[in-house]
Amino acid sequence: VQVLRNAGEEVTLTVSFLKRAPAFLKLPLNEDCACAPSDQSSGTSSPLCDSGLHLNYHPNNTDTLSCSSWPASPGLRWEKRWCDLRLIPLLHSRFSQYLPGSDLCRQNAFQVIAVDGVCSGIIQCLSAEDCIDWLQAIASNISNLTKHNIKKINRNFPVNQQIVYMGWTEEREQDSLQDRMYTPKFLALRGSSLYKFIAPPVTTWDWTRAEKTFSVYEIMCKILKDSDLLDRRKHCFSVQSESGEDLYFSVELESDLTLWEKGFQTATFLEVERIQCKTYACVLESHLMGLTIDFSMGFVCFDAATKAVLWRYKFSQLKGSSDDGKSKIKFLFQNQDTKQIEAKELEFSNLFAVLHCIHSFFAAKVACLDPLYVGSQATASAAPTTSGTGKLKYTT
């Protein structure tokens, strides 16, 4: 390599036949062998030496280069074997049909990129059906390897820090002036957090170096319909953080989207079930209050100084809510005795975190009532969803 680097702009390569090469490739050396050139000075050889063809016989004596160890047997024949041109480890690898960083989809073609950056190059298929078959087979293999790897990693983590999901996505850049619309990101759901990495975590230390982390019960995930898509990429979802920031992600296949949705719902349910309650500071008529969202009791508002409970409602009593998109939430509860609607307005410093937490607790409550809720396709329609800017809308 160094010689080539120092050879200048124009390089002349001379190719010659080497007698030891056939022995190294386990090919016979006798003169009548098809691999031996009739004129050694010509530098030509039979295509058999370059086509992956090998003898189906291996001599016991491998130390000698003499052809005497090769028997003259009529049963000796050539057979074709696979030759590895490039190996792409599929664990934590990613694949894409799109031109890098864009929403332009290749026609019946894709590429696979290993975790260390080794690329397969563009793989062109003869038809759309062949391309989908290949993509689904590769995706299934990656998924199975990931699940097996998660099981091994979870042996070293406590129960409240178990990994539920790991996988590649592509995040849409918020700055439209960027040349790259999309950047590969590795998402992981572990314990109470959603992690966003630029590369898969390999060591325990890697988990502390995530690009961003979010509390899983304080963020909102939405699977986007065709009408919600921002460009030509399909299979997208958005994540709204506790600060109100919207993140936009794309995956390659519908099966990838299903895996993410199931993973997010499961992680949220497990975390809500573990913490049981969450309290947020709020203000009511210039007085400092606290609102506790309790998995068993529902909503409890109390005075921060005296801890006296001002009001308490079950989840089933919440009939609606609205917010100003900044800090105030207006709850509409139904009184169990009078059946009248009672409005309660509170002001929060972290509006979106509260809204998302309420959503997570509602979803987990529904999951408890219906064990098939977690991991089923029906969860999307059974869970409360956002409407407008941070507003909660409850549908079944």
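The values are calculated or read from the model by the stated rules, or taken from the named source; none is laboratory data. Since this is a predicted model, take the numbers as computed values, not measurements. Ideal geometry is used to build each Cβ from the backbone, glycine not excepted, and the neighbour counts take in all protein chains shown. Accessible surface is based on the protein model in full, side chains and every heavy atom, while ligands, DNA and RNA are left aside. Shrake-Rupley method; radii C 1.70, N 1.55, O 1.52, S 1.80 Å.
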Condition test on Asn160, is it in a loop (DSSP other than H, G, I, E, B), in contact (Cβ under 8 Å) with a residue 12 or more places away in the chain and open to solvent by 60 Å² or more (accessible area, probe 1.4 Å)?
no
Given the criterion of a type in the set (Phe, Trp, Tyr), assigned by the TED database to the domain that holds Glu271 and within 28 Å of Gln240 (Cβ to Cβ), identify the matching residue among Trp168, Trp205.
Trp168
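In contact with a Gly (Cβ under 9 Å, 6 or more places away or on another chain), buried (at least 19 other Cβ atoms within 10 Å of the Cβ) and touching a residue at least 60 places away in the same chain (Cβ under 8 Å), is that true of Ala267? Steps first, answer last, please.
Working: in contact with a Gly (Cβ under 9 Å, 6 or more places away or on another chain): yes; buried (at least 19 other Cβ atoms within 10 Å of the Cβ): yes; touching a residue at least 60 places away in the same chain (Cβ under 8 Å): yes.
Criteria met by Ala267.
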With the condition kept exactly as written, say whether any residue in the stretch 143-150 is without any contact (Cβ under 8 Å) to a residue 40 or more places away in the chain, more than 16 Å from the chain's Cα centre (by Cα) and either buried (at least 16 other Cβ atoms within 10 Å of the Cβ) or not in a helix (DSSP H, G or I) (or both).
no
Looking only at the stretch 273-315, count how many residues are more than 18 Å from Phe348 (Cβ to Cβ), assigned to a strand (DSSP E or B) and polar (S, T, N, Q).
0
Hey, can you tell me all the residues within the stretch 180-229 that are in contact (Cβ under 8 Å) with a residue 40 or more places away in the chain, assigned to a helix (DSSP H, G or I) and either open to solvent by less than 70 Å² (accessible area, probe 1.4 Å) or not β-branched (Val, Ile, Thr) (or both)?
Val216, Tyr217, Glu218
Scan the stretch 126-137 and tell me whether some residue there is on the phi > 0 side of the Ramachandran plot and assigned to a loop (DSSP other than H, G, I, E, B).
no
